[in-house]
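First up is the structure itself, then whatever we jot down about it.
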There are 10 protein chains.
Amino acid sequence: MTAPIMPKSDAAELIIAARIRQGLSWSDLAERIDAPLVWTVSALLGQHPVPADKATVVCEVLGLGDGVIESLVRQPTRVADDASASDPTIYRFHEALAVYGPALKELIHEEFGDGIMSAINFKVDFARRADPDGDRVVITFDGKFLDYRW
Amino acid sequence: MTAPIMPKSDAAELIIAARIRQGLSWSDLAERIDAPLVWTVSALLGQHPVPADKATVVCEVLGLGDGVIESLVRQPTRVADDASASDPTIYRFHEALAVYGPALKELIHEEFGDGIMSAINFKVDFARRADPDGDRVVITFDGKFLDYRW
Amino acid sequence: MTAPIMPKSDAAELIIAARIRQGLSWSDLAERIDAPLVWTVSALLGQHPVPADKATVVCEVLGLGDGVIESLVRQPTRVADDASASDPTIYRFHEALAVYGPALKELIHEEFGDGIMSAINFKVDFARRADPDGDRVVITFDGKFLDYRW
Amino acid sequence: MTAPIMPKSDAAELIIAARIRQGLSWSDLAERIDAPLVWTVSALLGQHPVPADKATVVCEVLGLGDGVIESLVRQPTRVADDASASDPTIYRFHEALAVYGPALKELIHEEFGDGIMSAINFKVDFARRADPDGDRVVITFDGKFLDYRW
Amino acid sequence: MTAPIMPKSDAAELIIAARIRQGLSWSDLAERIDAPLVWTVSALLGQHPVPADKATVVCEVLGLGDGVIESLVRQPTRVADDASASDPTIYRFHEALAVYGPALKELIHEEFGDGIMSAINFKVDFARRADPDGDRVVITFDGKFLDYRW
Amino acid sequence: MTAPIMPKSDAAELIIAARIRQGLSWSDLAERIDAPLVWTVSALLGQHPVPADKATVVCEVLGLGDGVIESLVRQPTRVADDASASDPTIYRFHEALAVYGPALKELIHEEFGDGIMSAINFKVDFARRADPDGDRVVITFDGKFLDYRW
Amino acid sequence: MTAPIMPKSDAAELIIAARIRQGLSWSDLAERIDAPLVWTVSALLGQHPVPADKATVVCEVLGLGDGVIESLVRQPTRVADDASASDPTIYRFHEALAVYGPALKELIHEEFGDGIMSAINFKVDFARRADPDGDRVVITFDGKFLDYRW
Amino acid sequence: MTAPIMPKSDAAELIIAARIRQGLSWSDLAERIDAPLVWTVSALLGQHPVPADKATVVCEVLGLGDGVIESLVRQPTRVADDASASDPTIYRFHEALAVYGPALKELIHEEFGDGIMSAINFKVDFARRADPDGDRVVITFDGKFLDYRW
Amino acid sequence: MTAPIMPKSDAAELIIAARIRQGLSWSDLAERIDAPLVWTVSALLGQHPVPADKATVVCEVLGLGDGVIESLVRQPTRVADDASASDPTIYRFHEALAVYGPALKELIHEEFGDGIMSAINFKVDFARRADPDGDRVVITFDGKFLDYRW
Amino acid sequence: MTAPIMPKSDAAELIIAARIRQGLSWSDLAERIDAPLVWTVSALLGQHPVPADKATVVCEVLGLGDGVIESLVRQPTRVADDASASDPTIYRFHEALAVYGPALKELIHEEFGDGIMSAINFKVDFARRADPDGDRVVITFDGKFLDYRW
């Protein structure tokens, strides 16, 4: 009763290990809990609280115990991980923002006025697009516009 | 003949000032040079070299001199501007990457194997999507997958 | 026509100088443009675009030229100023967040669920409260709750 | 006798785990020890020394041992946790300070003269305000003004 | 009328130059304005607003113009100068705090309870103490104790 | 024989725990080893090597073992702890140095010439001074002046 | 089944220990798995996923268990290790880039136009070149040119 | 006679402007001064002192004055430019070092023993290699091995 | 056989503990292995690989096991320890470099031309020089000059 | 009379320019003012106040005006220049300290007890030592030992 709740990073490591050993894809898991793909991966890595029923299904599928369920359900603190930002696969997104971020800001203000794209009322889509010159990664950020409103 | 080339940040400030004073939108400029919208804004802000013919059109439209053309044409050094990353409109993109970046990495590897989404063979699209709950900003990153290949 | 727009930091310095020399308070300026007090100060310091009619009134009152109006109207980039965060008057707010921020996060989640207090649909109020033990500064942050919504 | 005192971060993790497992809210705990809500959460997270009687009640309610009581009672070192400042729920407060901090400084000096709002003789209030456009988080900082006095 | 107020760092440089050229000591200036020595130096370097009468006397003595007076009177933003902290004469104070700061914290809490020494209701004294083994610098920090009080 | 020496931070945690559990003050310990108060606290926290006889007395009084004695006697590496510098009780000293450090440097040079106050041939005194407006913390830094001497 | 996968840094330490104790060179290992030398070292240190058959051979040769194989096969996160960048042997490469990086950028653009040398479609060669004045280290970076292409 | 020497960054900007305006390539300049290509670019950008005769030829070719010659000849301080390290063309080299640096260190020690590749007795070669899959950038680092020698 | 090699920092702690407990000085150890004094201390602290015969002697003298020998013999990664740079005894060297480093650079170039003092073909000497005004620490850096040579 | 004193960095640039144009070495200047070589260079670069008579001689020799004399005489703030620390000639000293600093600390304590080598009562010597294997740079740090003394 007095043990602390398992850290979400530990739960994520257990989920990853079980997922690989059982040959399940992230898509398999997303389907099993009937949730969007990017949301599912992000939540199981610890970035979103997972509803109890979905957490239970995930742990049943992967053969993980109640401690993992309890960890998944807990409200996360979403700390930015500066170290992993240097991973080349993730870094390219940051580089794209360095190059195109100010342009996106100009266009948001031109189209919508003073405000932001919400990162909370927000979803991300991931897709593969076939291309004869080499297939492409297509990521869509879709967030509600919020105007500065006093 | 011995003056240095105008810095791209100075050229951008002149373009912004002339654009606002003449009531031209970024879309107007993009149409005039027949170029994609996000590319146009990014290039005029200094992140891409601008072909001489397009640079000439922009400066004619805005009434700017040859020094601006010369600056636009020059190959840029694309330095990341850490200060502007704290602007709330730009920050939300970085926050979204902090939350979803590791998930996108997992999905890229699951779908494509070991590699990255190129930020060079790459395009960005900006759109407004009407929504009864409040219109939405939709940003699409579209980059060629590059596999680690020795 | 080809001069850049005056930086907002320069406009702010001119407004401050004229305000002091004419013996006007920030409250006087806020009343003249019929705007909330904290919003007015923040906007004139460069953190919000100022509607053209209000910018015109401010510059008439303070005897400032059209260049200042043009600067005030422009969409700002809201860069965090890390240096001024060490000013003792401002630092105390950061210290309070260091001490109470995690507690506020717990309470937001307990009361509202997973999400944030918006800093965009948001207002700040400043007041003085008399107290026999020494008058008090009372700052109220009032922001719309936004729940994480996919 | 020679074991070190349990770190406050460990005590906080045990309190959080027990609180969640027993279905108690922070408000429940605050009521049981008859203390202000924000103070209670902050103190149990380790930011304030807890009086022995209150610490004893908390640990009885939650079924925690004497080691937790001893930890709660100890004088804390209040180290700023830069990592958690990137959590979106906490970050919004920092962003608000970046935007409005200099304005608040101007208004404190206009109203009170040279000095600061104390972060020691200080309290914070948390409230929910119903709003047809979406309920709002209302945070009030209330600190004694201290003038620079030699 | 539209010129910005002279920055306090510029005013300080002019005061230093005039002081040296006229062979006046800081003590001379402190006596002339009847103010404590450390306060005087600190205020003339830009860390405190200087009352108008004292600013006028300083500028008369040093032959400086009204722009310097206006600058001295203005409310400062007290930004920490990290660069000058590496000057050996200033660094020794920081080193002493690194070595003795935690001990001073323990003693403040033992003697006064939970709280701080105010840096606002605060004064600093500077003295030379003769010593056969080499004269000594004696600096006294004297601040009101403030207890954490909700 | 091959175990490493106990780290000084572990020894300090054991001393603190035993001191609190036995209800001994730092002053009590200082008296028992006949040493200055600030030196005693600082040394027991790990900032100074403790002579073997004094270390033995401390450990006898507190009921601690030989491992603690061995740790206290060892020559320390005095690493600056940047994290604890954000504790409000310690931070106020740093803030005071940010405000008054350059003034102290000016006065040291005016009084003594080019050089520094030693932080090695140096002592610190801590005192409480009664004051009807609230008691005060008085800290005295007393260091030998060292002139730059080739 | 529920244990996490061994971290790649642990696997690397085991490989290094077994390699040294058995007197095998990196070249021996590269030959045994029929892979390029630099790739082999980099992959075994954790920077590339290792195909299962090669991982199996390595662990058979070195007498390591299945846990190491599983770790080697896993997709890595390639985090930049800033600490090891200060090692003199590695630092010289960074210093060379500081001195020659901008020149290489100029030459890439002159020869190829706007774009980059890929670090993904990329290989590195290591060689020793005999020289009467002292043998030389010869490192060749060989990456596909990628042009900025919208 | 009393003017300071032109900063090397100013000289580089003048050289770049004249080079572009006259349609000369870096190779043209290298040939004119009979020097290696990478060395030439690096030296004209300010990273190496340029012998007086070569500096004179460059300035004659480009129509630049004696101030540029004097600047080129001066011994440089080779300060690392962290900002330009984020330019994508330069960043790829740093990324390659992050991925392969530790492997290169292992191989240098295996082949040569304890020591480094000199970055002083060192040369860099730049080449284009045709490849049906896309031409390649080939950079060769060639430095004398220096063993740790007491 | 599959245990990792003991980290050099652990080996150093064991050597230090055994050295102190047996009352041996660093000079004693240097004599026993017939090696220069500064080299010996540095190598035993983990900065140089130790030849197997010398490592064996050290461990025999100190009564340490084969794990320590294996650790000492291993090639080190020489990571700069920024934390210990704030120790006052070490900091004074850094301060001296801040004050005199640019002067030493000027003199190296004046005397030798463009190049560096090697830190690899390099030795350090430590001595005590008696002085009636207080004994002095004398440190000599002695490194081969390397000229920039293409 | 109201101009600020010339910054020491400007004075240094003028001294360097005049020195180079007149073909004078640093040794020439040191001889002319009868001062130690390293001290002279350091002082003229702005790290030490220069006695008025020596400053006058330097400026007469170099044909510089009174503004330079006034600047040289002024008490400096000795700010550490982190940027120039990356210059390879200066960096090697920092690298040597990273490798040998902890060893020097051990030896200072072994020989002298707890304390430091003063960087104030301190001198540096620069010499060239002929060596058939390549001449060597020999730098000697010579500082008074200061023991921690309460």
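GNM remark for chain B: springs join alpha carbons under 10 Å apart, and the peak mean-square fluctuation among B:Leu29, B:Leu14, B:Leu72 falls on B:Leu14.
GNM on chain D, alpha-carbon springs under 10 angstrom: the most fluctuating residue among D:Ser84, D:Ser27, D:Ser42 is D:Ser84.
With the Cα gyration tensor of the protein assembly as shown giving a ≥ b ≥ c as the square roots of its eigenvalues, does the rule (a/c under 1.5 for rounded; else a/b larger than b/c for prolate; else oblate) give rounded, prolate or oblate?
Details: a/c = 1.04, a/b = 1.00, b/c = 1.04.
Taking the square roots of the gyration eigenvalues as a ≥ b ≥ c, the protein assembly as shown is rounded.
Computed from label points 7 Å out along Cα-Cβ, the spacing between E:Val61 and G:Thr2 is 7.7 nm. Measuring nothing but how far apart in sequence close Cα pairs (under 8 Å, 6+ apart) lie, relative to its length, the stretch J:83-147 scores a relative contact order of 28 percent.
Applying 1/(1 + (r/R0)^6) with R0 = 35 Å to the Cβ-Cβ distance of A:Gln22 and A:Ala130 gives a FRET efficiency near 0.75. Counting Lys and Arg as +1 and Asp and Glu as -1 over every other residue whose Cβ lies under 12 Å from the Cβ of G:Ala80, the net charge comes to -4.
Only counting other Cβ atoms within 10 Å, I'd like C:Arg129, G:Arg136 sorted with the fewest neighbours first.
Numbers: C:Arg129 11, G:Arg136 21.
Least to most surrounded, the residues fall as C:Arg129, G:Arg136.
The stretch B:79-150 and the stretch A:1-59 have their alpha-carbon centroids 23 Å apart.
Can you give the average number of partner chain beta-carbon atoms within 10 Å of each beta-carbon in peptide F:5-11, as a whole number? Intermediate values should be presented prior to the final figure.
Working: counts 7, 1, 1, 0, 1, 1, 1.
What the average comes to for F:5-11 is 2.
Under a Gaussian network description of chain H, with springs only between Cα atoms under 10 Å, the residue in H:Val99, H:Val61, H:Val38 that fluctuates furthest is H:Val99. F:Ser25 sits among other residues whose Cβ lies under 12 Å from its own Cβ, and their net charge, with Lys and Arg +1 and Asp and Glu -1, is -3. Would you mind classifying the stretch J:8-73 by shape? Square roots of the alpha carbon gyration tensor eigenvalues, ordered a ≥ b ≥ c; an a/c under 1.5 is rounded, otherwise it is prolate if a/b is larger than b/c and oblate if not. Taking the square roots of the gyration eigenvalues as a ≥ b ≥ c, the stretch J:8-73 is rounded. Closest approach of a chain I beta carbon to the axis mapping chain I onto chain A (residue, whole Å): I:Asp82, 9.
Backbone geometry of the stretch D:25-37 corresponds, through the Karplus equation with coefficients 6.51, -1.76 and 1.60 at θ = phi - 60°, to 3J(HN,Hα) couplings of 8, 4, 4, 4, 5, 4, 5, 4, 9, 6, 9, x, 5 Hz, x marking Gly and Pro.
Relative to the longest principal axis of chain G, what angle (0 to 90°, nearest 10) does the C-alpha long axis of helix G:88-112 take? The answer is roughly 50 degrees. A simple count of charges around F:Lys144, restricted to other residues whose Cβ falls under 9 Å of its Cβ and scoring Lys, Arg +1 and Asp, Glu -1, yields -2. Based on DSSP H segments of at least four residues, each scored -39500 (n - 2.57), chain E has a per-residue ellipticity at 222 nm of -15000 deg cm²/dmol.
Rule-based calculations on the coordinates, nothing more; no lab input. Since this is a predicted model, take the numbers as computed values, not measurements. Methodologically, a virtual Cβ is constructed for each residue, glycine included, from the backbone with ideal geometry; neighbour enumeration extends over all protein chains shown.
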